[in-house]
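Inspection log for the structure reproduced underneath, given as structure tokens.
The values are calculated or read from the model by the stated rules, or taken from the named source; none is laboratory data. Note that the structure is a prediction, hence the values are computed from the model and not measured. Cβ atoms come from the backbone with ideal geometry, glycine included; neighbour counts cover every protein chain shown.
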Amino acid sequence: MCSGADTDILDNCSKGEQNKYTGIGATVFFTAVMAFIASAYALYTVFDNVFTAIFFGLVWGLLIFNLDRYIVSTIKKRDSFKYELLQAAPRIILAVIIAVVISKPLELKIFEKEIDRVLLEEKNQMTLNNQEQIALQYNPAIEKLNDEITVLKNEITNKETEVNELYNTYITEAEGTSGTFKLGKGPVYKEKREKHDASLLELQDLRETNTQKIKDKEAQIAALSGDFTKKIVDTQPIIDGFDGLMARINALGKLPWLPSFFIFLLFLAIETSPIIAKLLAPKGEYDYKLEDLESTVKNWTAQKEDQRKQLLSTDVIINDKIYQDIAEEEELYNYKRKKAREIMQLQADAFYEHQKKSL
């Protein structure tokens, strides 16, 4: 049944001939089973659902079974191998395409550990790249705020230095070691002391103002740092989930090609095995009987077609002769002459009435 052979003819053949077509049918059947298993696993890697994968895998297996059975049954054993190969060429091309598609899921399973290693390296690199790209969004703002904090701190430091210098000035004036070099707190001392006290008040105001500004900018930096960390945390699951079918196929492409090529050849051999089995099978008793039956039907059809042509040709000749004899009858001539006269009279009367109305 799986070989697509005519069971009525095959039942009248020898056991050896029946066994040959049993082998061809078994090849078609097990090719469909392998197609079902491979496609079901391939679809499972896509949908991640067992029932969906089994359903569509079964549909695919039945499709391959029907296709192989049809092509095997339509390859007629003739004396020309080139003719048989030409019949099988479309299926062989399709088998190459199917082998490429179906072999990939099995390769993904066989080389799963190696693919995981390649994916881990890619994920690590993607994590680093992701952090660098996110940092480009936040680092300029953080660096700008840090520069502004440095400026504010430098303003306080410079003011403190100025106050300290003023302090040393009025102290040394009081000690008489600089300025007027007079010991005691005279007018010059008081002037320098007032200048120092005023600068000290400015320092206190500046320290309070800049300290508040620094706190605000540090809060902004903390907020940006938090956003930076949050964005990394939010985007990391996308990177961690980078292990789909396309990612695994790309990772497989980075592995040595020779093992994958041999697996492809294995599936190619499986997919083409029904065609190869039929092509390599010698012409046997079944093929001769089938050819005899087909030639009988072909000849009988040609004979009936020739008879229909002869019948048509004879009927045309008879009809021509009948109408020729009728055309020579005087009675028919007079009758048609009478009717023609009546039609012409009616036309003349109608034309007269039409012309009279127009006047």
Being over 23 Å from the mean Cα position of the chain (by Cα), within 25 Å of residue 37 (Cα to Cα), modelled with pLDDT under 80 and among the basic types (Lys, Arg) is the filter here; which residues of the stretch 81-134 pass it? 91
Sole miss for residue 274 among (1) closer than 30 Å to residue 43 by Cα; (2) loosely packed, with under 15 Cβ neighbours inside 10 Å; (3) not aromatic (Phe, Trp, Tyr) is condition (2)
Identify all residues within the stretch 80-98 that are under 19 Å from residue 282 (Cα atoms) and in contact (Cβ under 8 Å) with a residue 40 or more places away in the chain; write none if there are none. 81, 84, 85, 88
Residue 26: surrounded by 13 or more Cβ atoms within 10 Å (Cβ to Cβ), under 24 Å from the mean Cα position of the chain (by Cα) and in contact (Cβ under 8 Å) with a residue 24 or more places away in the chain, yes or no? no
Filter the stretch 236-271 down to the residues that are loosely packed, with under 11 Cβ neighbours inside 10 Å, of a type in the set (A, V, I, L, M) and farther than 17 Å from residue 109 by Cβ and list them by number. 238, 258
So, in the stretch 45-55, how many residues would count as being free of Cβ contacts under 8 Å to residues at least 24 places away in the same chain, assigned to a helix (DSSP H, G or I) and surrounded by fewer than 19 Cβ atoms within 10 Å (Cβ to Cβ)? 6
If you take the residues of the stretch 62-80 that are at pLDDT 80 or above and charged (D, E, K, R), which of them is nearest to residue 268 (Cα to Cα)? 68
Out of the residues in the stretch 138-169 meeting the condition of being closer than 23 Å to residue 196 by Cβ and of a type in the set (Lys, Arg), tell me which one is nearest to the chain's Cα centre (by Cα). 153
Out of (1) exposed (fewer than 12 other Cβ atoms within 10 Å of the Cβ); (2) modelled with pLDDT of 80 or more; (3) touching a helix residue (DSSP H, G or I) at 6+ places or on another chain (Cβ under 8 Å), what's the single condition that is false for residue 184? (2)
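Conditions tested, residue by residue: (1) at pLDDT 85 or above; (2) more than 41 Å from the chain's Cα centre (by Cα).
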residue: 233; (1), (2): yes, no
residue: 283; (1), (2): no, yes
residue: 300; (1), (2): yes, yes
residue: 325; (1), (2): no, yes
